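Read through the structure below, which is laid out as structure tokens, and then see the notes.
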Amino acid sequence: MWFAIVANDVPHSLEARVANRPPHLARLQQMNDEGRLLLAGPFPAIASEDPGPAGFTGSLIVAEFASLEEAESWAKADPYMAAGVYADVKVRPFRKTLPSA
């Protein structure tokens, strides 16, 4: 089943985000290679593709897991959690409706 992982950053998280981005992306790339990643990306703090020093306010990941517990465990093991980038993370079941392909 698909699960939406919605994370909110702590204030002023940009430096820690940048420092921990490679291992964070490596986990997502592995999931993508396995065909289990629907989408992933950050929430810019301002309406810009590159928010510069304004940074980001959180992240959204929609990925396939066998259970809610597996999705929660995966989210808790994210390098951004260990680095203190995320203030909190919520995991919810997600049903993809559109696009249908």
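The values are calculated or read from the model by the stated rules, or taken from the named source; none is laboratory data. As the structure is a computational prediction, the values presented were derived from the model and not from experiment. Neighbour counts are summed over all protein chains in view; Cβ atoms, including those assigned to glycine, are modelled from backbone coordinates with ideal geometry.
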Does ALA7 satisfy being surrounded by 18 or more Cβ atoms within 10 Å (Cβ to Cβ) and among the aliphatic types (A, V, I, L, M)? yes
Of the residues in the range 5-53, those that are under 22 Å from LYS76 (Cβ atoms), out of contact with any helix residue (DSSP H, G or I) (no Cβ under 9 Å at 6 or more places or on another chain) and either small (Gly, Ala, Ser) or at pLDDT below 95 (or both) number 2
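Do any helices (runs of 4 or more DSSP H) lying entirely in the chain carry at least 1 residues that are β-branched (Val, Ile, Thr), and which ones are they? Before the answer, list the steps.
Working: elements: 14-33, 68-76, 79-82.
Answer list for the chain: 14-33.
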